[in-house]
Amino acid sequence: MTTAPLDTLDLEARAHSEHAHELRLWLRLLTCSQLIEKRVRTGLREQFDTTLPRFDLMAQLERHPAGLKMKELSHRLMVTGGNVTGITDQLVTEGLVERMEVEGDRRAFRVRLTERGRASFADMARHHEQWIVDSFEGLGAREIDQLYKLLGKVKLGLR
């Protein structure tokens with residue numbers, strides 16, 4: 001396994017030994033999350049000439065074959081309507097998604113993946129999953145299971 005050099009702005013560098021272990025753990029989680037996201041962003045850009053926001057929008061549409069209204073997409077992606085419109089415009093131009101009128105609402109549009117979009121997303125999703133799997137290659141199956149359960153306890157405690 002090769003390890004990528006950590007950026008000089010690694011979040012863990014902000015922590016000192018006198019900080020609480022919990023703070024150092026939180027910074028390590030953030031650093032790991034950012035490094036995995038960087039791997040995914042790089043893979044999408046280099047292998048598919050696309051971005052993570054475009055992938056995320058297509059992922060939402062893949063889960064809803066009938067499509068989603070632009071407002072629903074904006075809500076699910078937690079971005080402004082303008083961001084969704086810009087990404088959607090690009091994907092429509094490329095033939096990956098299509099806009100459809102919403103019956104009874106002349107101002108609203110429903111967006112869905114085209115056949116080409118579904119095939120393209122399926123290919124990206126397979127690679128995306130493998131990049132995530134590869135990110136945990138330093139852990140054994142038992143360690144992954146333990147980490148998953150421990151993070152589940154943290155999540156439960158935050159609710």
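The values are calculated or read from the model by the stated rules, or taken from the named source; none is laboratory data. None of these values were measured; they are calculated from a predicted model. Reconstructed Cβ throughout: ideal geometry from the backbone, glycine too, with neighbour counts over all protein chains shown. Ligands, DNA and RNA are excluded from the accessible area calculation, which covers all protein heavy atoms including side chains. Shrake-Rupley method; radii C 1.70, N 1.55, O 1.52, S 1.80 Å.
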Q | Where A59 falls short, out of the listed (1) hydrophobic (A, V, I, L, M, F, W, C); (2) open to solvent by 50 Å² or more (accessible area, probe 1.4 Å); (3) under 16 Å from V97 (Cβ atoms) | A | (2)
(Q) Just to be sure before I move on: is R39 among the charged types (D, E, K, R) and in a helix (DSSP H, G or I) in the structure I sent? (A) yes
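Kindly indicate whether R99 is without any contact (Cβ under 8 Å) to a residue 24 or more places away in the chain and in contact with a strand residue (DSSP E or B) (Cβ under 7 Å, 6 or more places away or on another chain).
yes
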(Q) Looking at the range 52-71, I want the residues that are part of a loop (DSSP other than H, G, I, E, B) and have a partner that is open to solvent by 30 Å² or more (accessible area, probe 1.4 Å) with Cβ atoms under 6 Å, at least 6 apart or on another chain. Which pairs are those? (A) G67/R110; G67/R112
Q) From the residues in the range 112-159 that are part of a helix (DSSP H, G or I), in contact (Cβ under 8 Å) with a residue 12 or more places away in the chain and basic (K, R), which one is most open to solvent (accessible area, probe 1.4 Å)? A) R116
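Determine which member of the set T51, T8, T42 is at pLDDT below 95, on the phi < 0 side of the Ramachandran plot and polar (S, T, N, Q). Spell out how you get there, then give the answer.
Details: T51 fails: at pLDDT below 95; T42 fails: at pLDDT below 95.
After applying the criteria, what remains is T8.
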Q | Subset of the range 94-111 [in a loop (DSSP other than H, G, I, E, B) and under 13 Å from L57 (Cα atoms)] | A | L96
Q. Of these, V92, V79, V97, which one is hydrophobic (A, V, I, L, M, F, W, C) and in contact with a Leu (Cβ under 6 Å, 6 or more places away or on another chain)?
A. V97
Q: Would you tally the residues in the range 72-93 being exposed (fewer than 15 other Cβ atoms within 10 Å of the Cβ) and part of a loop (DSSP other than H, G, I, E, B)?
A: 2
